[in-house]
Amino acid sequence: MNYRNMILIGMMGTGKSTVGQALAARLGWRFVDTDAVIEERTGKTIPELFAENGETFFREAEKEAVAAVLKESGQVVATGGGAVLREENRRAMSEGGLVVALLCSPERIIERVRTDTNRPLLQGNLEERVHTLAENRREAYTFADLAVDTSDLDVESIAGKILKHAKDAS
């Protein structure tokens with residue numbers, strides 16, 4: 001495989017962390033979650049950052065984390081769902097390895113994140129927020145090298161599809 005990294009993009013609840021960990025295990029690579037990098041660097045949780053500093057501050061911290069992480073290689077990187085909103089992040093991802101968009105139906109995302117209270121962008125009416133985010137970000141993931149719909153697939157099937165594409169594209 002000729003990729004330095006695999007970068008997983010997609011909305012929250014599409015399986016980036018779970019699939020990323022499975023891919024990293026199968027490849028013998030490190031798994032890195034950019035949200036965890038941000039929390040480590042700032043000493044605050046993502047909800048705390050949003051509450052205390054706002055989304056603009058968070059997106060700047062996210063840009064710095066994406067750039068720093070993608071300087072390395074041999075990693076499966078799970079990005080925050082909104083990381084693709086900035087052109088500089090999309091460019092860094094495209095240059096940093098194989099970009100895989102994990103897609104999922106809004107209904108399935110709602111099922112998966114319904115009990116997760118650590119998602120600042122989902123405060124309020126969950127169904128409305130997920131549908132709005134899905135609509136607003138629909139085109140944001142189109143730069144990916146591969147798109148996989150995770151709505152009805154298990155983790156191993158998703159990882160298998162990604163690895164097959166990576167091998168075939170090399």
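Considering segment 12-46, and only residues there that are assigned to a helix (DSSP H, G or I), polar (S, T, N, Q) and in contact with a strand residue (DSSP E or B) (Cβ under 7 Å, 6 or more places away or on another chain), the residue that is least open to solvent (accessible area, probe 1.4 Å) turns out to be T34. Residue under question is Q21, and the condition is that it be more than 20 Å from A92 (Cβ to Cβ), out of contact with any Cys (no Cβ under 9 Å at 6 or more places or on another chain) and modelled with pLDDT of 95 or more; does it hold? Judged against the criteria, Q21 is a match. Of the residues making up segment 120-134, those that are touching a Leu at 6+ places or on another chain (Cβ under 9 Å) and at pLDDT 75 or above are R129, V130, L133. Between A166, A144, the distinction of being more than 17 Å from the chain's Cα centre (by Cα), open to solvent by less than 60 Å² (accessible area, probe 1.4 Å) and modelled with pLDDT of 85 or more belongs to A166 only. If you go through segment 94-109 and keep only what is closer than 24 Å to S151 by Cα and in contact (Cβ under 8 Å) with a residue 40 or more places away in the chain, you end up with L98, V99, V100, A101, L102, L103, C104, S105, R108, I109. Just one of the numbered conditions (1) part of a helix (DSSP H, G or I); (2) surrounded by 14 or more Cβ atoms within 10 Å (Cβ to Cβ); (3) hydrophobic (A, V, I, L, M, F, W, C) is not true of I7: (1).
The values are calculated or read from the model by the stated rules, or taken from the named source; none is laboratory data. Being a predicted model, the structure only gives us computed values, none of them experimental. Reconstructed Cβ throughout: ideal geometry from the backbone, glycine too, with neighbour counts over all protein chains shown. What goes into the accessible areas is simple: the full protein's heavy atoms, side chains included, and nothing from ligands, DNA or RNA. Shrake-Rupley method; radii C 1.70, N 1.55, O 1.52, S 1.80 Å.
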